[in-house]
Amino acid sequence: MSTQSVVNKESHSTVKMLTKAGMLAASVALVTGCVWKPDLAPTQLQHWELPTSSYVDLEGLKVHVAQSDLCQAQDKTGKENSKPENIVLIHGTSASLHTWNGWVSELDKDYCVVRMDLPAFGLTGPYANSSKRYTMGNYVDTVIGVMDQMKIGEATIAGNSLGGGIAWLTTLRHPDRINRLILVDASGFPFTPKHIPVGFKLAQYPILDPLVSKVLPKSLVRKSVESVYADDSKVSDELVNRYYELTRREGNRKALTQRMRESFAGNEVAQIGNIKQPTLILWGAKDDLIPIDNAYKFKEAIPNSQLVIFDNLGHVPHEEDPKATVAVVKQFLQQSK
């Protein structure tokens with residue numbers, strides 16, 4: 001093939017990509033009327049802090065965390081084994097620590113439950129170092145950094161979607177810190193989605209960054225949330241408003257576009273089978289983002305694992321039906337104690 005042919009082929013691909021991005025942007029602009037929404041300062045979002053909220057400083061980044069009351073309880077006996085077990089919860093893309101509210105209300109009676117807003121999301125916002133990439137490895141470092149600052153030695157780690165990927169990679173890189181693993185519609189293995197939230201699509205095109213970082217119709221947020229639920233009737237105005245406002249946290253939209261251009265390395269995914277910890281895999285059968293086929297891939301790859309599928313739930317089963325999903329989690333925690 002001649003150099004000119006290669007150039008023509010690359011030019012054609014570039015034009016095709018730009019055309020597709022332009023059509024997508026035009027569609028969003030037409031449907032939404034290009035609703036221009038500026039960033040919100042952290043001080044404007046303090047109503048999303050919880051009674052147990054605090055901030056952990058990691059190299060200038062203030063990571064928003066929340067912990068259950070048992071985490072604060074003093075060990076009166078002085079014996080390590082008398083302390084409550086630790087559970088660390090990691091949310092998915094464009095979500096926040098609030099996604100675990102339903103689980104925490106059940107687990108915090110018996111466990112020290114710690115959850116955090118990942119960098120680029122929730123009240124945490126973007127990395128303090130603007131050149132730092134939103135790689136899976138950097139997210140693992142953030143999780144371990146929070147655990148170190150909070151003096152959490154070992155923990156059960158649970159994660160949904162992006163958070164699930166971070167959870168299993170943390171388990172692989174720091175096996176001495178993780179005693180159990182819970183994966184909820186986790187990222188990792190390659191997949192072909194049936195449906196991608198429009199916001200995710202837009203974030204994949206650098207040419208659209210100025211649009212994505214400033215335009216955010218609430219109707220678009222609602223459609224994105226509905227796409228990860230099986231039952232749209234469960235998507236309340238309050239839920240949409242939470243996603244909407246926290247997405248507008250200063251710097252989050254720009255950071256999301258950077259995050260969407262990162263992915264797992266093939267050698268990392270190939271190591272999933274090296275996980276030895278007891279593992280619970282939860283999956284919504286109606287997940288249109290990460291198909292149920294990937295649930296079976298995790299089950300086959302991880303030797304000491306069990307899989308539970310929820311027939312009528314979508315990509316965020318822990319949020320859509322916390323009561324049913326956390327019941328399985330509590331049973332798993334007791335059985336693998």
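Given R₀ = 30 Å, what would the calculated FRET efficiency be for Y296 paired with N138, taking r from the Cβ atoms and rounding to 0.05?
Calculated value: 0.55.
Counting other Cβ atoms within 10 Å, which trypsin sites (Lys or Arg not before Pro) in the range 104-135 have at most 13 and lie in a DSSP loop? Can you show the working numbers first?
Working: sites: K109, R115, K132, R133; in loops: K109, K132, R133.
Here the sparse-neighbourhood loop sites are K109, R133.
Convex hull volume of the Cα atoms in the range 241-300, per residue, in Å³?
Spelled out: Cα convex hull of the range 241-300, divided by residues, is 152 Å³.
What is the sum of charges around E49, taking Lys and Arg as +1, Asp and Glu as -1, for the other residues whose C-beta is under 14 Å from the C-beta of E49?
Here the count lands on +2.
At 0.36 nm per residue, and after removing the present C-alpha to C-alpha distance, how many nm does the segment from A285 to E59 gain when stretched out fully?
Extra length available between A285 and E59 comes to 77.4 nm.
For the range 42-334, which whole-number percentage of the solvent-accessible area (1.4 Å probe, protein heavy atoms only) is attributable to carbon and sulfur atoms? Mind dumping the intermediate values first?
On the way: 5970 of 12320 Å².
Heavy-atom surface of the range 42-334 belonging to carbon and sulfur, 1.4 Å probe: 48 percent.
With each label point set 7 Å from Cα along the Cα-Cβ vector, what nm distance links D311 and H195?
That separation, rounded to one decimal, is 2.0 nm.
Measuring from label point to label point, each 7 Å out along Cα→Cβ, what is the A128 to L40 span in nm?
About 2.5 nm, to one decimal.
Could you report the accessible area of D176 in Å², rounded to 10, computed with a 1.4 Å probe on the protein chains as they sit in the structure?
The accessible area of D176 comes to roughly 100 Å².
Hey, quick one: spin label on K83, modelled 7 Å out along Cα-Cβ, who in the range 105-119 has an amide N within reach, i.e. under 17 Å?
Residues 110-115 fall inside that zone.
Roughly how far apart, in whole Å, are the Cα centres of the range 148-168 and the range 241-271?
Using only Cα atoms to place each centre, the spacing works out to 17 Å.
Exactly which trypsin sites (Lys or Arg not before Pro) in the range 266-318 are in a DSSP loop and have at most 14 other Cβ atoms within 10 Å?
Hits after loop and neighbour filter: K276.
Among the GluC sites (Glu not before Pro) in the range 248-286, which ones are in a DSSP loop with at most 15 other Cβ atoms within 10 Å of the Cβ? Mind listing them? If you can, show how the numbers build up before the last one.
Numbers: sites: E250, E262, E268; in loops: E250, E262.
Of the GluC sites (Glu not before Pro), the ones in loops of the range 248-286 whose Cβ has at most 15 other Cβ atoms within 10 Å are E262.
Provide the net charge surrounding D287, with neighbours chosen by a C-beta distance below 11 Å and charges set as Lys +1, Arg +1, Asp -1, Glu -1.
Cβ neighbours under 11 Å give a net charge of -2.
Stretch S336-K218 to full length: gain in nm at 0.36 nm per residue minus the Cα-Cα span?
Using 0.36 nm per residue and subtracting the Cα-Cα distance, I get 38.2 nm.
Cα atoms only: what Rg and Dmax, in Å, come out for the range 42-334?
Calculated on Cα positions, Rg and Dmax stand at 17.9, 60 Å.
The values are calculated or read from the model by the stated rules, or taken from the named source; none is laboratory data. Everything quoted here is computed from the prediction, not taken from an experiment. All Cβ positions, even for glycine, are placed from backbone atoms using ideal geometry, and neighbour counts span all protein chains on display. All accessible areas refer to the heavy atoms of the entire protein, side chains included, with ligands and DNA or RNA removed. Shrake-Rupley method; radii C 1.70, N 1.55, O 1.52, S 1.80 Å.
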